[in-house]
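Take a look at the structure below.
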Amino acid sequence: MAKSAIRGVLFDKDGTLIDFFATWAPAYEKAAHDLAGGDAALAERLMTVGGWDRTTRRFGPDSPLAAGTNAEIGRLWGEAIGHADHVALMKKLAAKYPAQK
């Protein structure tokens, strides 16, 4: 079997190559609304603790949702909704939103 021509994988969460606000931001907003169970104020709080600016409708480049890991986001959102088991929370989200192949 021939070796693969792929020599690396590039992840671009910060928007250098792919528009963060057109890709990640809508996904975070949907996840926040789902976790909030229809409570719009709680969904906005989740977005805000993640670094979302309500006025500009943007995330700061060093905000948790723009620069954090899934584990960090799980801890942050888990604390905000009173869900102590952030690992279970992230598994719940991963099951609901499986990665696209």
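No value in this document is a laboratory result; all are computed from the given coordinates. As the structure is a prediction and not an experimental result, all values here were calculated from the model. Cβ placement follows ideal geometry from the backbone for every residue including glycine, while neighbour counts extend to all protein chains displayed.
Side notes on the structure shown:
- Computed log₁₀ I(q)/I(0) - Debye formula, equal Cα scatterers, no solvent, the chain, q 0.12 Å⁻¹: -0.43
- The length gained by stretching the chain between Lys30 and Arg57 to full extension, at 0.36 nm per residue less their Cα-Cα distance, is 8.3 nm.
- Amide H contacts under 5 Å for Arg58: Asp53, restricted to partners 5 or more places along the chain or on a different chain, H placed in the peptide plane at 1.01 Å from N.
- In terms of surrounding Cβ atoms within a 10 Å radius of their Cβ, Ser63, Ser4 rank from fewest to most as Ser4, Ser63.
- As a rough footprinting exposure proxy, the listed residues Met47, Met90 were ranked by other beta carbons within 10 Å of their own, and the order from fewest upward is Met90, Met47.
- Ranked for footprinting exposure by Cβ neighbours inside 10 Å, fewest first, Phe21, Phe59 give Phe21, Phe59.
- Here's the picture: a label point sits 7 Å out from the Cα of Asp39 along the beta-carbon direction, and within segment 78-96 the residues with their amide nitrogen under 20 Å of it are 78-93.
- Evaluated with a Cβ-only charge set (Lys, Arg +1; Asp, Glu -1), the chain carries a dipole of roughly 440 debye about its Cα centre, given to the nearest 20.
- Cα-based Kirkwood hydrodynamic radius, segment 39-96, one decimal, Å: 11.7
- If R0 is taken as 25 Å, the Cβ-Cβ distance between Asp19 and Ala84 corresponds to a FRET efficiency of 0.10.
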